[in-house]
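Student: Okay, handing you the structure first.
The values are calculated or read from the model by the stated rules, or taken from the named source; none is laboratory data. The model shown is predicted, which means the values in this text are computed figures rather than measured ones. FYI the Cβ positions are ideal-geometry reconstructions off the backbone, even for glycines, and counts take in every protein chain you see.
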Amino acid sequence: MPDKGNILAVDDTPASLKLLTELLKGEGYNVRSAINGELALKSAFSHPPELILLDIRMPDMDGFEVCQRLKAHAETSHIPVIFVSALTDTDEKLRGFELGAVDFVTKPYQREELLARVRTHLEVDRLRNHLEDMVEERTKKLKENQERMHAMLLDFITALGATVEARDPYTAGHQRRVAHLAVEIARELQWPEDQIEGLYLASVVHDFGKIRIPAEILSKPGRLSELEFAFIKQHPETGYEILKSVDFPWPIAQAVLQHHERLDGSGYPYGLKEDEILAEAKVLSVADVVEAMTSHRPYRAALGLDAALDEITRHRGVLYDSRVVDACLRVFREKGYAFPTG
């Protein structure tokens with residue numbers, strides 16, 4: 001079986017460490033083990049892995065301190081860290097995410113869940129690194145191979161969006177459908193094609209920051225607690241932080257950051273108003289709301305198109321840009337638009 005990636009597993013319980021190591025090796029991963037925080041840091045600093053699975057409750061140096069030191073070191077700051085711990089307290093999870101962890105798997109874990117999260121975060125990290133390299137290469141050779149590089153860029157951004165949706169079956173296809181509607185609205189507004197293309201790409205990855213939200217929160221059937229909703233509200237900033245280092249020819253990272261802002265300043269994360277909000281984010285926010293309301297969610301059934309259009313109509317000029325709302329209404333009511341089903 002070919003090597004699928006280099007992983008460092010850290011756990012102070014020998015039996016747990018052996019089980020985790022054998023599970024990952026059985027799936028084709030190259031795994032190094034560390035029985036405590038100090039050995040974990042030495043191993044990571046000398047030969048940085050692609051991913052670290054880290055226990056929290058360890059003597060002398062706990063997982064939080066290990067994570068903090070990893071993120072403070074230039075050679076290891078970029079490595080995705082997944083906490084694997086028996087801790088279930090939301091405050092503890094929040095602390096882990098604040099220290100830079102990308103995910104949290106609760107013991108006793110399900111084998112397939114653990115492997116799915118490992119696979120997802122390795123893919124995301126590789127896609128991001130590959131995407132940065134591609135954008136740099138695209139800039140250098142734009143004149144001689146613009147069409148080929150452009151197509152590859154579209155493919156990889158689409159792959160980034162699909163990676164997030166793979167974690168949550170309830171919202172599978174959400175970003176793609178939002179992108180489809182956003183493009184139709186922009187065309188109704190007679191935007192230039194280059195700007196529409198940037199809007200499409202931003203829409204495809206607008207929820208990319210949800211990669212760091214625990215799956216159990218994303219798929220929770222009941223009402224979210226204040227702390228859980230605080231997790232959810234972090235996703236625009238998380239997406240921005242991941243995407244801002246890529247030198248796109250469009251304001252993709254900024255549109256992702258602002259897609260929950262509202263005209264009256266009631267949105268998040270910064271409470272921007274009116275002209276402080278990008279045109280792309282104004283279109284994206286309307287498309288996002290309409291698609292979400294017409295789709296099923298674990299906490300409610302689909303509300304239907306009429307309810308969605310009523311929502312943006314009632315808040316036209318208050319939460320949502322008037323021209324964008326009017327264009328969206330024309331797209332549905334006059335041109336018979338329907339979301340793609342494939």
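Student: What are the residues in the stretch 73-131 that are part of a helix (DSSP H, G or I), among the hydrophobic types (A, V, I, L, M, F, W, C) and more than 21 Å from Leu19 (Cα to Cα), if any?
Tutor: First, pick out the residues of the stretch 73-131 that are part of a helix (DSSP H, G or I): 90-98, 111-131.
Now restrict to residues that are among the hydrophobic types (A, V, I, L, M, F, W, C): 94, 97, 114-116, 118, 122, 124, 127, 131.
Leu94, Phe97, Val124, Leu127, Leu131 - these are the residues of the stretch 73-131 that are part of a helix (DSSP H, G or I), among the hydrophobic types (A, V, I, L, M, F, W, C) and more than 21 Å from Leu19 (Cα to Cα).
Student: To continue, here is another question. So in the stretch 186-222, with the set limited to residues that are closer than 24 Å to Ser322 by Cα and hydroxyl-bearing (Ser, Thr, Tyr), which one is surrounded by the most Cβ atoms within 10 Å (Cβ to Cβ)?
Tutor: Applying the filter and picking the extreme gives Ser203.
Student: I would also like to ask the following. Looking at this structure, is Leu329 closer than 25 Å to Arg223 by Cα and modelled with pLDDT of 95 or more? It would help to see each step written out before you state the result.
Tutor: Values: closer than 25 Å to Arg223 by Cα: no; modelled with pLDDT of 95 or more: yes.
No, not satisfied.
Student: Give the residue, chosen from Ser285, Ser225, that is in the same structural domain as Arg323 (by TED's automatic domain parsing), of a type outside the set (A, V, I, L, M, F, W, C) and surrounded by 22 or more Cβ atoms within 10 Å (Cβ to Cβ). Write out each step before concluding.
Tutor: Working: Ser225 fails: surrounded by 22 or more Cβ atoms within 10 Å (Cβ to Cβ).
From the options Ser285, Ser225, the qualifying one is Ser285.
Student: Another question, if that's okay. Of everything in the stretch 323-341, what is among the aliphatic types (A, V, I, L, M) and surrounded by 15 or more Cβ atoms within 10 Å (Cβ to Cβ)? Give them in sequence order. Let's see the steps before the verdict.
Tutor: Within the stretch 323-341, the first condition is being among the aliphatic types (A, V, I, L, M), and the residues that meet it are 324-325, 327, 329, 331, 338.
Answer for the stretch 323-341, where residues must be among the aliphatic types (A, V, I, L, M) and surrounded by 15 or more Cβ atoms within 10 Å (Cβ to Cβ): Val324, Val325, Ala327, Leu329, Val331.
Student: Sticking with this one: Residues of the stretch 169-204 being within 19 Å of Thr341 (Cα to Cα) and either aliphatic (A, V, I, L, M) or not in a helix (DSSP H, G or I) (or both), which ones?
Tutor: Step one: filter the stretch 169-204 for residues within 19 Å of Thr341 (Cα to Cα), giving 169-185, 200, 203-204.
Across the stretch 169-204, the qualifying residues are Ala172, Gly173, Val178, Ala179, Leu181, Ala182, Val183, Ile185, Val204.
Student: Could you check the stretch 305-342 and list, in sequence order, the residues that are among the acidic types (Asp, Glu), assigned to a helix (DSSP H, G or I) and under 14 Å from Asp288 (Cα atoms)? Give the derivation first.
Tutor: Taking the stretch 305-342 as the starting set, the residues that turn out to be among the acidic types (Asp, Glu) are 306, 310-311, 321, 326, 334.
Among the residues that remain, those that are also assigned to a helix (DSSP H, G or I) are: 306, 310-311, 326.
Of everything in the stretch 305-342, just one residue is among the acidic types (Asp, Glu), assigned to a helix (DSSP H, G or I) and under 14 Å from Asp288 (Cα atoms), namely Glu311.
Student: Any idea which of (1) in a loop (DSSP other than H, G, I, E, B); (2) of a type in the set (Val, Ile, Thr); (3) closer than 22 Å to Leu189 by Cα is the one Val286 doesn't satisfy?
Tutor: Evaluating Val286 over (1) in a loop (DSSP other than H, G, I, E, B); (2) of a type in the set (Val, Ile, Thr); (3) closer than 22 Å to Leu189 by Cα leaves (1) as the failure.
Student: A further question follows. Would you confirm whether any residue within the stretch 283-305 is touching a helix residue (DSSP H, G or I) at 6+ places or on another chain (Cβ under 8 Å), at pLDDT 95 or above and over 20 Å from Gly173 (Cβ atoms)?
Tutor: no
Student: Being of a type outside the set (Lys, Arg), in contact with a Pro (Cβ under 8 Å, 6 or more places away or on another chain) and modelled with pLDDT of 85 or more: is that true of Phe104 here? I'd like the intermediate steps shown before the answer.
Tutor: Numbers: of a type outside the set (Lys, Arg): yes; in contact with a Pro (Cβ under 8 Å, 6 or more places away or on another chain): yes; modelled with pLDDT of 85 or more: yes.
The answer is yes for Phe104.
Student: Does Lys71 satisfy being under 22 Å from the mean Cα position of the chain (by Cα), under 29 Å from Glu237 (Cβ atoms) and touching a residue at least 60 places away in the same chain (Cβ under 8 Å)? Can you show your working first?
Tutor: On the way: under 22 Å from the mean Cα position of the chain (by Cα): yes; under 29 Å from Glu237 (Cβ atoms): yes; touching a residue at least 60 places away in the same chain (Cβ under 8 Å): no.
Against the criterion (under 22 Å from the mean Cα position of the chain (by Cα), under 29 Å from Glu237 (Cβ atoms) and touching a residue at least 60 places away in the same chain (Cβ under 8 Å)), Lys71 does not qualify.
Student: Residues in the stretch 228-246 that are touching a residue at least 60 places away in the same chain (Cβ under 8 Å) and surrounded by 15 or more Cβ atoms within 10 Å (Cβ to Cβ): how many? Lay out the reasoning, then the answer.
Tutor: Taking the stretch 228-246 and keeping what is touching a residue at least 60 places away in the same chain (Cβ under 8 Å), we get 228, 230-231, 234, 242, 245-246.
In the following step, the residues that additionally are surrounded by 15 or more Cβ atoms within 10 Å (Cβ to Cβ) were identified as 228, 231, 234, 242, 246.
Final tally of qualifying residues: 5.
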